[in-house]
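K.L.:
This structure is in structure tokens; I'll ask about it shortly.
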Amino acid sequence: MYVISDSCISCGACADTCPMGAIAMDDSLGRYAIDGNTCIDCGSCADGCPMGAIAPGE
């Protein structure tokens, strides 16, 4: 699963590129987050992030 770091500026580009709809705003974090149960590990979100704030998680 990919993860979104604190570098996220909440622009929504990642959510727009996710084919599974696995990314949504997480108000408790104050930024977008990826649902690990829905993510298919395709990397579309990382490719679409203008800040480079998304990377493969552990």
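K.L.:
If you go through the range 1-34, how many residues are under 19 Å from GLU58 (Cβ atoms), exposed (fewer than 15 other Cβ atoms within 10 Å of the Cβ) and in contact (Cβ under 8 Å) with a residue 24 or more places away in the chain?
P.N.:
Adding up the residues that qualify gives 4.
K.L.:
Moving on. Considering each residue of the range 11-27, count those that are assigned to a strand (DSSP E or B) and β-branched (Val, Ile, Thr), and give that number.
P.N.:
Of the residues in the range 11-27, the ones assigned to a strand (DSSP E or B) are 23-26.
Remaining after also requiring β-branched (Val, Ile, Thr): 23.
Result for the range 11-27: 1.
K.L.:
Tell me, which residue of the range 31-49 that is part of a loop (DSSP other than H, G, I, E, B) and small (Gly, Ala, Ser) is farthest from CYS18 (Cα to Cα)?
P.N.:
So the first thing to find is which residues in the range 31-49 are part of a loop (DSSP other than H, G, I, E, B), and the list is 35-43, 49.
Narrowing further to those that are small (Gly, Ala, Ser): 36, 43.
On the way: GLY36: 13, GLY43: 9 Å.
In this case the residue turns out to be GLY36.
Values quoted throughout were computed directly from the atomic coordinates according to the rules given, and no laboratory measurement underlies them. From a predicted model like this one, the values you see are computed outputs, not experimental measurements. Note that each Cβ is placed from the backbone with ideal geometry, even for glycine, and that neighbours are counted across all protein chains shown.
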